[in-house]
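All remarks here apply to the structure that follows.
The values are calculated or read from the model by the stated rules, or taken from the named source; none is laboratory data. Note that the structure is a prediction, hence the values are computed from the model and not measured. All Cβ positions, even for glycine, are placed from backbone atoms using ideal geometry, and neighbour counts span all protein chains on display.
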Amino acid sequence: MPTEILMPALSPTMEEGTLAKWVKQVGDSVAAGDVIAEIETDKATMEVEAVDEGTLGKILVDEGSEGVKVNTPIALLLAEGEDESALESGAGGASRGATASAAEDTSATRESDEKQSAKASEPAGGNAVEDMSARRVPAEGKTHPDPDDAEGALAQEIPEGTEMVSVTVREALRDAMAEEMRRDEMVFVMGEEVAEYQGAYKITQGLLDEFGARRVVDTPITEHGFAGLGVGAAFGGLKPIVEFMTFNFAMQAIDQIINSAAKTLYMAGGQMGCPIVFRGPNGAAARVAAQHSQDYAAWYSHVPGLKVVQPFTAADAKGLLKSAIRDPNPVIFLENEILYGHSFEIPKLDDWTVPIGKARIHRKGTDVTIVSFGIGMTYAVKAAEELAKEGIEAEVIDLRTIRPMDLDTVIRSVKKTNRCVTVEEGFPQSSVGAHIASEIMVRAFDHLDAPVLKVAGKDVPMPYAANLEKLALPSVKEVIDAVKAVTYRD
Amino acid sequence: MAARSRKSGAGAPSTEKGGTAKAGSAHEIVKTLEHFDAPAPAKFSRDEDVRAYRDMLLIRRFEEKAGQLYGMGFIGGFCHLYIGQEAVVVGMQMAMKEGDEVVTGYRDHGHMLATGMEARGVMAELTGRRSGYSKGKGGSMHMFSKEKKFFGGHGIVGAQVPIGTGLAFSNKYNGTDAIAITYFGDGAANQGQVYESFNMASLWKLPVVYVIENNRYAMGTSVSRASAETNFSHRGVSFKIPGFQVDGMDVRAVKAAGDLAAEHCRSGDGPIILEMMTYRYRGHSMSDPAKYRTRDEVQKMRSESDPIEQVKKRLVSDHGMSEDDVKAVDKEVRDVVADAADFAQNDPEPDVSELWTDIYAEAVPQAAE
Ligand SMILES: Cc1ncc(C[n+]2csc(CCOP(=O)(O)OP(=O)(O)O)c2C)c(N)n1
Ligand SMILES: [Mg+2]
């Protein structure tokens, strides 16, 4: 029976690809290790090597086909002694069955799995505020003006009649850097594999060609060293963009980020600061396990002197990255690998910027406020759609900037809806949601009809196993359940 | 030898002695920092060559299977294959004693198999199943075996280097004669914590062998694009740590270097650096299109320096084994790998309750007085 050659998965997050070229043709003999086809993913063109030997019997997916799903049969391979007549009898059932079920078991998609998430509920304590004596008048910090009189929440950012184009987050980030590098000669980008390799996640694609090796700098694997070097370069008048291959590796460099970049302006009495952008993918990708799956939003948001940005849409990614590069302060710019390939409408403007420190109302609603940011928005938005079908209108706020946080927009919304649910992928303790909940308690206590509930990643290191990883991440269902709890439905 | 980019190895003073380095010659080489020469390759008996062949082939076939399972979606995330570098771990393992520790980075499947960890347990971890070494929670990059003294499996480049140094510290502290074999890559060799470790290890004479697996690339960056001093065996000079380059494609050369290093460490002379000149045939991980090198370069290494082919030839020419004898070993290895793959595909995923276990260790209750 002929063997099916399946569309291979070529990266942790690949779900489909373009079959760019057949290197072998029908009738060609194939040895294990031979390149048989070329496949384009959103990141790269990859060569597909044969794992078995035989003769290419039939091509099932023509070259040039786009959106070929992983594990789709793309060709049939005839074993030694088989001829074309074997093709009629159908493909090797065994291998197909095995791989199809594997795809279900281990796919990297992140849909919620209701049965399982119900079983693995968090063991210790709920989120409800039980002890009212915890309520205190804020003794420190600034007093906040009542935000009711602020500008309309949906302040129009995009001039009317602006043409919109569809762009991936990946392209938006690249364009933002390229535009700022054209605009300001002091801006340069540095990091592992950013130049010749065109970026480990292809965010810096094309920059070396346009700006040359002086401004697009490949570094050795020395995060603490090059982060500190970036700080020094900023002291010296340059405007570095430091790419971390992922933010997990910035833990090697966190001392320079916090002790040197964040505190200098204050320690120097305002004389000199550190205009620098630290950027890269943050949070879980797919199946990359505990050391490579951490969301640092809450970590960096703890630190005075840092600005922390975590966009969701391509328009925000571009506009905020441009603002971050121009900002005279150190900015932590948290991206997400899963979002890189997502397309969004973005305004076609010569100089599109988005202000740091301003949230965006993604969806208007009256019954509950859902606050999220970055990839957390994917759960929030889907949950809001589902809830609308049941007659619950959620207002979804995309924070966009974690620090300084636009709490005015949140408070204004909560005063209208009287309920709030926060959504993020990071750990629950001392989370962004925890901070929002405490601020709402202080500033809108009398407007609350229910405790603020947090939906977050589970309080465990990220597991590798597909079923456990799915449970460790938040789910749409958890957001829906939280909203129903605060609206007292079901 | 194509894997060897530097000339310093030839004409070592101990070459005539060959084989396992005698204490005298070993000390002469490593105690004088002016000498950076590898000992001559060990002479292998038939049994040793058979063992080397089998162990390297097991890694090769295991990794090929892992690559296939990745393509089929059974393995996810990052998966870094060791194909091409097999002689390094197998040769070092042949020089080690029971009780010696091993620690490495994320390209770790070969190291685990070499320490004697079960193919089934490693493969089941790769597929994220409950019988994997970490119950499916660690995956390709994070596996451990207390029993086999394998301390991971680390995803952060360079992090294993101080950890290996700490294992050596505990050996010295406890007065055992165990040594800690600490593997890391040419890319990892530029991390600052490597040099912090070197200094402490030398200062405190810790029994640690730093094995730098120089496979010429760190992801897409060739050694010369990332390193000011590309001879990594010299990286210990300012810490008074001796080192030399070794033909890492020849398992006998690795074994001889390992013997010498073990002897050096065990006799209380402190750390030593072995720079293994090796090569990875596959991309950095499964998602690396490997455009930074030519197919010819890879092909040349495969056809001229393959570590397994070298031994296979010797089995026939030096040890008089027949094609069938060799095929019997191949078959045994294939069966082990097929069985592991089968097991790893059918083993169930971890129970969902496992999400919440192993976060904190239970305190051992103290006996009440
Ligand atoms: C601190 C840190 N930075 C970056 C990475 C991403 N990364 C993983 S492997 C690797 C290349 C390492 O190359 P090398 O040390 O030569 O080992 P090899 O992969 O060749 O075995 C990089 C940059 C990481 N895992 N950890
Ligand atoms: Mg390397």
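Going residue by residue through the range B:295-309, is there one that turns out to be at pLDDT 95 or above, surrounded by 14 or more Cβ atoms within 10 Å (Cβ to Cβ), acidic (Asp, Glu) and not in a helix (DSSP H, G or I)? The answer is yes, given that some residue of the range B:295-309 is at pLDDT 95 or above, surrounded by 14 or more Cβ atoms within 10 Å (Cβ to Cβ), acidic (Asp, Glu) and not in a helix (DSSP H, G or I). Among all positions in the range B:259-276, there is at least one residue which is in contact with an Asp or Glu (Cβ under 7 Å, 6 or more places away or on another chain) and within 15 Å of ligand 1 (Cβ to nearest atom). The C-beta contact set for the range A:325-340 (first residue assigned to a strand (DSSP E or B), second residue of a type outside the set (A, V, I, L, M), distance under 6 angstrom, 6+ apart or interchain) comprises A:Pro330/A:Cys274; A:Val331/A:Lys307; A:Ile332/A:Phe278; A:Ile332/A:Tyr300; A:Phe333/A:Arg279; A:Leu334/A:Asn282; A:Leu334/A:Gln310; A:Glu335/A:Pro281. Scanning the range A:233-290 for residues that are among the polar types (S, T, N, Q), in a helix (DSSP H, G or I) and surrounded by 20 or more Cβ atoms within 10 Å (Cβ to Cβ) turns up A:Asn248, A:Gln252, A:Gln256, A:Ser260.
Within the range B:172-197, residues that are more than 15 Å from B:Ile241 (Cα to Cα) have Cβ atoms under 8 Å from residues that are within 16 Å of ligand 2 (Cβ to nearest atom) and among the basic types (Lys, Arg) in these pairs: B:Gly185/B:Arg107; B:Asp186/B:Arg216, counting only partners at least 6 apart in sequence or on another chain. All conditions but one from (1) within 11 Å of ligand 1 (Cβ to nearest atom); (2) within 21 Å of the chain's Cα centre (by Cα) apply to B:Ala226; the one that does not is (2). In the range A:168-195, the qualifying residues are those that are within 11 Å of chain B (Cβ to nearest Cβ) and either within 16 Å of ligand 2 (Cβ to nearest atom) or in a helix (DSSP H, G or I) (or both), and the one that is farthest from A:Met251 (Cα to Cα) is A:Glu193. Within the range B:214-240, the residues that satisfy the criterion of being more than 12 Å from ligand 2 (Cβ to nearest atom) and touching a strand residue (DSSP E or B) at 6+ places or on another chain (Cβ under 6 Å) are B:Ser233, B:Gly236.
The residue of the range B:229-258 that is farthest from ligand 1 (Cβ to nearest atom), among those that are within 27 Å of B:Gly283 (Cα to Cα) and in a loop (DSSP other than H, G, I, E, B), is B:Asp250. Of the residues making up the range A:53-63, not a single one is within 23 Å of A:Ile338 (Cα to Cα), at pLDDT below 85 and within 14 Å of chain B (Cβ to nearest Cβ). Across the range B:178-206, the qualifying residues are those that are within 14 Å of another protein chain (Cβ to nearest Cβ), within 16 Å of ligand 2 (Cβ to nearest atom) and not in a loop (DSSP other than H, G, I, E, B), and the one among them that is nearest to B:Gly153 (Cα to Cα) is B:Phe184.
Here's the yes/no breakdown for (1) more than 24 Å from the chain's Cα centre (by Cα); (2) at pLDDT below 95:
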position: A:Arg135; (1), (2): yes, yes
position: A:Ala150; (1), (2): yes, yes
position: A:Ala153; (1), (2): yes, yes
position: A:Arg183; (1), (2): yes, no
position: A:Tyr201; (1), (2): no, no
position: A:Arg215; (1), (2): yes, no
position: A:Gly225; (1), (2): yes, no
position: A:Gly230; (1), (2): yes, no
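Note on the range A:1-28: residues that are within 24 Å of B:Tyr281 (Cα to Cα) and modelled with pLDDT under 90 total 10.
Residues in the range A:455-490 that are in contact (Cβ under 8 Å) with a residue 12 or more places away in the chain, within 25 Å of A:Asp367 (Cβ to Cβ) and either touching a Lys or Arg at 6+ places or on another chain (Cβ under 7 Å) or buried (at least 21 other Cβ atoms within 10 Å of the Cβ) (or both): A:Val455, A:Ala456, A:Pro474, A:Ser475, A:Val476, A:Glu478, A:Val479, A:Ile480, A:Ala482, A:Val483, A:Val486, A:Thr487.
Hey, among the residues in the range A:214-239 that are aliphatic (A, V, I, L, M) and within 16 Å of A:Asp184 (Cα to Cα), which one's nearest to ligand 2 (Cβ to nearest atom)? Give the steps one after another, and end with the answer.
Start the filter on the range A:214-239 by keeping residues that are aliphatic (A, V, I, L, M), which leaves A:216-217, A:221, A:227, A:229, A:231, A:233-234, A:238.
Remaining after also requiring within 16 Å of A:Asp184 (Cα to Cα): A:216, A:233-234, A:238.
Values: A:Val216: 22, A:Ala233: 27, A:Ala234: 31, A:Leu238: 30 Å.
This residue is A:Val216.
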